[in-house]
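Rule-based calculations on the coordinates, nothing more; no lab input. If you're wondering where the values come from, they're calculated on a predicted model, not measured in any experiment. When we count neighbours, we look across all protein chains shown, and the Cβ atoms used for this are built from the backbone with ideal geometry, even at glycine.
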Amino acid sequence: MTTTAIGSKALMPREFRLGLDLWSQTNGTPGSPVWAGQTNAAVVPADEDFGSCLEILKLSATTSLRYMARTPINPGSYLRISARVKAIAGNLPQVRIAGYAGTSSGANVTGVVEIGPSFTLPGYGNVVEVSAIVGSGIRDGVDMAWGRLASFGYFGLDLMGDNNGTVRIENLVIEDVTSAFVPGMLDWVDVRDFGAIGDGTTDDRAAFVAANAAAGGGQIVVPAGIYHIGSDLSLNAPVRFVGKLSMPRSAKLALLGKFDFPTYAAAFGDETEGMRRGLQALFGYTDHGVLDLCGRNVHLDAPLIAGEFAPGVTGFGNRRVVTNGQISIVPGSAWNTRTVTATASYDPGESLTLKNVSNIANIEIGARLSGNGVGREVYVCAKNVAAATLTLSQPLYGGAATRSYTFTRYQYAFDFSGMDSLSRFNFDDVEFVLDGNASGVMLAQAGTMNCFRDCYFTRPKDRGITSIGSACQGMLVDRCEFLSNEMGDLAQNRSSVAINVNNNDTKIRHSRFVRFGHFMVAAGGGHMIEGNHWFQGDSAQNGVRYGGLILTQPNVQATVTGNYIDNCSIEWTNEHDPRPDFEGNEYSFGGLTVTGNTFLCSDTIAGFNFLVVKPYGTGHFIHGLAVLGNVFKSLNNKITRIEKVDTSFAGMDYTRMRNIQFQGNMFNGVLTYVANPVDINFTQGSAATKWMVPIEAELPFAGWAKNVESMVATTAITTSSNSRVTEMPWLQVQQGAAKKHIAVNWSAAAKGSVALRVRMDNPD
């Protein structure tokens, strides 16, 4: 069969910007209605993706667009018709390439397929290329086989589905792809035909480049062998790997024709290396924003460390996604925790620095610091070996001293600690099957809006998500599940942490956390913790319980709303304050809203509390706390009260308490109902000029009786002889040694009953 090449000028339709009088609303035949002058069509001069393009509002069941000039089709030739389309408003239609098969006389060729495959537009602004191939023969890859009778076509596209959707269409492209289909040509090319050797030594890069250029719309086949590629390589055509590639770490492989994990794993014959190379390409090119695992279970035999898989990439801020699969850990020494002990000096005036650090060369970035005077979840962010200094993620509360510290470096499936900055990196629909062998993800030094959505962290060895700097700013954890590796341990023996953050504005929503040492250790403020379920119980009778959510910033500006908080506390501290005593120029504990949560405990000791405030220094107070509309319930054993001040380091200044709201809460299995303001009923049985009304257990945090909002008589107030007393008494607050009494003073001895509304704080 002989074919005649068709020049590109004969194929390409006229651009929309030159007018719509040659663009039909139906099949493209002469006399059919055109789009020129239609109110639901307009030429857009400067679209951000397309430049000049056509915008159509879909108003009919099938909205058609056909170019009315004849596009020739020679026997044995094949054409590819394509267009890039995106939805911008309204309903999302389906799109397909379509045409009119015409004979030499202009009649329609009957009995042939005149439509290509349909594509549903995925969302607004997402550019989709729709295409179809038309030709004379019924061959693999041909969507519209028109036979030898067709001599031309009117080509365009159709919009189907719901009306009232607006789309934009880039200029139609028609290309001659005959070379992919004529006899003697195959739909793939072999790299060996272009000089590839595959001996593992010879640089075969030039052969791969040549094969890529010759592939056209076909595939590149890499036969058995080891093919050395000495520098960066981009392949636009899909590649089928039988053999493997060998590349230096600095060289990037961009598989643009089929960018997914299985292809990279096949390219290097190793899942860990394939994942490294896929991530390297994800950070190295702009052609793809998503690395699809294609449902595969990726078996890692070593951590994925950013400095290794993307050498030289110290900062990255474009959106990137790893999605749709599992990450499983292959046990081995690569996951061993490394521990170093060293002495160092600390000065609160340089609150994030340790100086004169011994053994500093062996201390790793990302190691967790522990020792006297160190709060929870403090990590090494940077080190200067020459100066013997370490930079920390949080200050230490212990004050100036030289101490011995322990530095513990956990191993993570994904370790971004070597990057200065990473923002907008998403894990979407990924299960981390850690099985007690490794931790999950360590974030970079800095960054914003990193995201975990629909992910599962199954049995992390030590940590789920770790922040060693500020890359947790605005982090989103949404619809995820974290299952501890310590579920069989008693609560007091657990040390794992699902999440820690150092910066502000995280959103932890609709997720589930099972039996960690702590669900979350949160420095920073502005956090929104909503609709989660975290529980930390165990099988012990009269068991002890610990903090689930640890808030380490006093003025936290956080909301804890609509969660199920099971067998653990919300613990509020200032353990990351280098000067933990209250100083007059700082905020103390405030800005926390706890609303609409269900708190549950079972088989706990009576002294367990759901809300614990723990100042690490003197002089602190609460100036802004709302605990509203929650349910507090204890099963099997009753607890004494729901809240307390932990005085392990210091108590609180009750003279400065203000703006504390405990209202509308429900109590079951709790011996002491607490509220602020609290309603107190008191009866004085014998006439006295001073009634001492006790306000002891009912006020939160065993607070003082500081103010009385109101007092009303609930019975007649009478003298000892039952004469009516009508005077207004005067009140004294903060009475008694514990300042938890109200004195009601009368000018003459009186008796009766009153109801008081008492506050532990100043309301302003």
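Quick notes
- Model label zone, THR337; criterion: amide N under 14 Å from point 7 Å along Cα-to-beta-carbon; scope the stretch 433-459: 436-440
- Look at ASP538, ASP581, ASP679 and count the other Cβ atoms within 10 Å of each Cβ; fewest to most, that gives ASP679, ASP581, ASP538.
- Considering all C-alpha pairs of the stretch 3-135, those separated by over 23 Å amount to 35%.
- Alpha-carbon geometry of the stretch 355-482: the Rg and the Dmax are 15.5, 47 Å, given in that order.
- FRET E, pair SER358, ASP489, Förster distance 35 Å, beta-carbon r, rounded to 0.05: 0.55
- The value of relative contact order for the stretch 338-409, using C-alpha pairs under 8 Å at least six residues apart, is 44 percent.
- The separation of the stretch 313-377 from the stretch 404-440, counted between C-alpha centres, amounts to 10 Å.
- Counting only residues at least eight positions apart within a chain, or on another chain, the aspartates and glutamates with an alpha carbon under 16 Å from that of LYS751 are GLU727.
- Helix 271-284 vs. the chain, principal-axis angle (Cα, 0 to 90°, nearest 10): 90
- Pairwise Cα distances in the stretch 188-319 exceed 20 Å for 41 percent of all pairs.
- The stretch 188-319 - percent relative contact order, Cα under 8 Å, separation 6 or more: 17
- Backbone HN-Hα couplings from phi across the stretch 319-334 [Karplus 6.51/-1.76/1.60, Hz, Gly and Pro as x]: 5, 9, 9, 10, 9, 6, x, 10, 10, 10, 9, 8, x, x, 5, 4
- Whether the stretch 644-764 is rounded, prolate or oblate, judged on the alpha carbon gyration tensor where a/c under 1.5 counts as rounded: prolate
- Taking the stretch 639-733 and dividing mean pair separation by its residue count, relative contact order in percent (alpha carbons under 8 Å, at least six apart): 25
- Under the Karplus curve 6.51 cos²θ - 1.76 cosθ + 1.60, θ = phi - 60°, whole-Hz ³J(HN,Hα) for the stretch 577-582, x wherever Gly or Pro sits: 9, x, 10, x, 5, 5
- For VAL514, VAL222, order by how many other beta-carbon atoms lie within 10 Å, fewest first: VAL514, VAL222
- When the trypsin sites (Lys or Arg not before Pro) in the stretch 303-371 are filtered for DSSP coil states and for at most 14 other beta-carbon atoms within 10 Å of their beta-carbon, the remaining sites are ARG319.
- Between TYR616 and ASN574, the built amide H atoms are under 5 Å apart, and every one of these is 5 or more places off in sequence or on another chain.
- Structure note, pairs LYS638/LYS706; LYS383/LYS507; LYS633/LYS706; LYS507/LYS739; LYS258/LYS507; LYS86/LYS244: Cα-Cα distances above 32 angstrom occur for LYS507/LYS739; LYS258/LYS507; LYS86/LYS244.
- Overall form of the stretch 338-409 per C-alpha gyration tensor (a/c, 1.5; a/b vs b/c): rounded
- Residues GLU308, GLU583, GLU431 arranged by fewest to most Cβ contacts within 10 Å: GLU583, GLU308, GLU431
- Scaled radius of gyration (Cα, divided by 2.2 N^0.38 Å) that the stretch 442-499 gives: 1.23
- Amide H contacts of GLN219 (H built 1.01 Å from N, in plane; Pro and chain starts excluded): TRP188, VAL189 sit under 5 Å, all sequence-distant by 5 or more or on other chains.
- Viscosity 0.692 mPa s, 37 °C: Kirkwood-radius Stokes-Einstein D of the chain over Cα pairs, µm²/s: 104
- C-alpha long axis of helix 205-215 to longest principal axis of the chain, angle in °: 70
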